[in-house]
1. Condition first: over 15 Å from residue B:357 (Cα atoms) and either touching a strand residue (DSSP E or B) at 6+ places or on another chain (Cβ under 8 Å) or surrounded by fewer than 24 Cβ atoms within 10 Å (Cβ to Cβ) (or both). Now tell me which residues in the range B:392-404 satisfy that.
2. Does residue B:43 satisfy the criteria of being modelled with pLDDT of 95 or more and closer than 27 Å to residue B:433 by Cα?
3. Which ones in the range A:212-230 are surrounded by fewer than 23 Cβ atoms within 10 Å (Cβ to Cβ) and more than 9 Å from chain C (Cβ to nearest Cβ)?
4. Can you tell me which residue among C:200, C:167, C:147 is crowded, with 17+ Cβ neighbours inside 10 Å and within 14 Å of chain A (Cβ to nearest Cβ)?
5. Identify, please: which residue in the range C:5-31 is facing chain A (nearest Cβ under 7 Å) and more than 22 Å from residue A:69 (Cβ to Cβ) and is, among those, modelled with the lowest pLDDT?
6. Say whether the condition of being within 22 Å of residue A:148 (Cα to Cα), more than 7 Å from chain B (Cβ to nearest Cβ), in contact with a strand residue (DSSP E or B) (Cβ under 6 Å, 6 or more places away or on another chain) and without any contact (Cβ under 8 Å) to a residue 40 or more places away in the chain is met by at least one residue in the range A:41-56.
7. Would you call residue A:139 part of a loop (DSSP other than H, G, I, E, B), at positive phi and buried (at least 19 other Cβ atoms within 10 Å of the Cβ)?
8. Here is a check on your reading of the model: is residue A:152 within 11 Å of chain C (Cβ to nearest Cβ) and not in a loop (DSSP other than H, G, I, E, B)?
């Protein structure tokens, strides 16, 4: 079997470098398999985060040849074997060690989103077409690749003002829940900072679950923010018709 | 060596494991106002529960009105070949529906019927449509719902933290010791009650659907702390794991594929199940289907990569993608197979352990006061074989009961347990020792050898001779495990972590092998080539192992609790109704397959 | 946290400025960027020039940049500006520019193409004062629905112009015959179809028509509208490009015809 050269980032918050490893390629191999091989034969302390190895848990996020990707889902036969393959940690989060980053930021943002609040006295009947939209967002495996690729976090480091695409789709899944009565529009605007998103769609491009993050979640939320804050005529109509 | 720093945290209830059972237990305990800590070996929300695909079994009767807890109870006992704890099976069948509705009230969005109710699907061993589901990502929906519920209740979550030892005050539980994976810093928890919800043991085997986390930590921690392990010989080999490419060998192919009409064939194009279970065909119980595939391959009728074909390509492609989206992507991306056009290749994979910590069925408490267990690491609920869909409901029902049990225990506690410094010091030494040893033995090598031995000697078919070899190998591997070295530092060092997990896997492996050796019959998932029949004598006992005073593992056959009359009556009534119901199911499936 | 040391030529490991175009990506990510720059550049410049060049009209055909025709009426009275001082010829352009400029797809396209914000995914940026759409002038993006209303009105006129192209008498142009199935009529028909497809897929429309509801099944007609809008919305980018290209092509066709370059084509079935 052929060999492929991997350049894997080794280091921590103090610094580090790309280290070359030769990996023997077998049929159907993915980048995560290559990392295991390195771990088992060359570098037992190589830090990688992984769980299911089936693109269902979203743990093994990294940047492969500069692209935010899941290592378990990137087959080597989709990469050019004549060139070295670079594997680096996600950049939007502080590094812990090697390919592992500190993603605790995400858990802090999640805590700020008000939870599901059901309509009082509901009989819990919901039709499939009522849950379809939110179900798409609930496919999210929290790999945080959308957060990693989002330039607002990645390049502008607006972690304090902007929650990132993952938490906008989480908010959307709650806002579009047919029986939810909580109002999250003000916090979506102010705390999650939806205005920082300039809908350049990189989150949608990297999503391994193929969730239409921008078109189906962020833009509809932006429109709901417009309803509330930027649509004087709409507001007038609502006042006169008594509709919410 | 110099004294090693550690930090100390205190909680009334400490839950170890953050899958479905751990989260459900933590929610219940937290709702009572106690201080609750939740320890995750990975990040929150990554536990193996996310891998559960097909659904959660609950006799709601939204699709088949005749369904009832009694039928669910019967199906569960029938699937487990009566080895189940009848009380657990009863509680489970009675409470599962309420637990699923509760999830909905916490925001979960299950698939719907045209009238707006829970949509339920057929599954192996369930006579009615009983599995509430969300496409084929039910586990993800469950864990996300529980996670968000828990986070907003104010549960303290310790992520990427591994527990290596339970601390005791005399007989009673007093806390736990562990380390944080990212930086290797040590941590001591003081706790009045501990709930183990650490999941499965699949990593002891070479071909498994389980993630790296499933190293039997809960089983081993409980065993070391003096609890008993029940019925460990019953390991479920899921019939359909991927067999190719090598990197994903063992990866689960959900039973929902068969639930949606998937046909199993050999390389001659024959429907294999018509030989092994012509009545229930592909939706026979998992043990039967797994053995069927294994036998076909062994007798030379397998596929090029050593499996059987599982085919849904005769169905409408849009239906396949809608009903089985993640299977479609899994095969497309990992194996280059389009399941709407081609058949999948599948073979058995180590999936689930029915055995586990022996607990009181009502409180989930082990024989160690203050130590509780729920979910896969607890034993008894599933008997000899678990039905698909019963594990997600198990997590909810017994996670909650364990939470209640722990709260009651803490509230009734008269004396605050105290920590024993010697135990903490000992735990520190155990963890730092691999760095101080010299030699060439790595945990990776020992682990790989253990997996091969368990796969060959304590696998899907067992014999006295193989088991003897397996047990001997475990002895040798135990010696090697004492010599493994760790290199590098303590910060996120998987090689170091494995040195400790190895010990857990060895304990679990030994308990499986000894229990399998003791049970001289074939029953449910436990198949012996030298004792191929059911034995009524063995039906009366459970296998129980515990740690002997000399540190050696002790195995016993313990008589089962007799079932009360009201339940035997239910079983008899249900049995009479079964033939007609199986016929109905067959018709239903035939109709669905045409869609 | 400590300063991060980097191997030469690699990106920093912490979030923050990487530098314009700095990336580890090896694929030709810049191809999409370049395509957008060139495409939007050429078509944008053409649209602007065409709108300012003077009315494009050829027989019964009216250039979409000069629709509706009554906007030209003041010109008959030798007024080129409305009383408020707004140049009349700019009105259609403002509607087009406003609708497309605040369009969720075009925003992506020009933020990437002309602001490099970012030029490509996981490609570094130069600016440090990013505030997204939270400040002026970018808050104007929130007015997208108002431009959509205007564009919908404009679209009605464009459909009317198309009908006039086929049946010139309807628009008071019976000098070009009662029926005119000329090539230009079909050029204009394709134009309004593409513009309609683009408008029906508008994110604001999709929201207003039904997306704002949480209970979709509670208003079945709005659900149906939302489903239809969603179908167009899924290909909004394709509609955006096709309609932008064709609106320019339509103008060019009519303009060239008006200048006398294309007469023979219309002789085939046209009004001559």
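1. The answer is B:392, B:393, B:396, B:400, B:403, B:404.
2. yes
3. Listed by number, the list holds a single entry, A:228.
4. Details: C:200 fails: within 14 Å of chain A (Cβ to nearest Cβ); C:167 fails: within 14 Å of chain A (Cβ to nearest Cβ).
Only one candidate passes the filter, namely C:147.
5. C:5
6. no
7. Details: part of a loop (DSSP other than H, G, I, E, B): yes; at positive phi: no; buried (at least 19 other Cβ atoms within 10 Å of the Cβ): yes.
Spelling it out, it is not the case that residue A:139 is part of a loop (DSSP other than H, G, I, E, B), at positive phi and buried (at least 19 other Cβ atoms within 10 Å of the Cβ).
8. Values: within 11 Å of chain C (Cβ to nearest Cβ): yes; not in a loop (DSSP other than H, G, I, E, B): yes.
Yes: the conditions hold for residue A:152.
The values are calculated or read from the model by the stated rules, or taken from the named source; none is laboratory data. Small disclaimer: the values here were computed from a predicted structure and weren't measured. Counting neighbours? That spans all protein chains shown, and the Cβs are built from the backbone with ideal geometry, glycine included.
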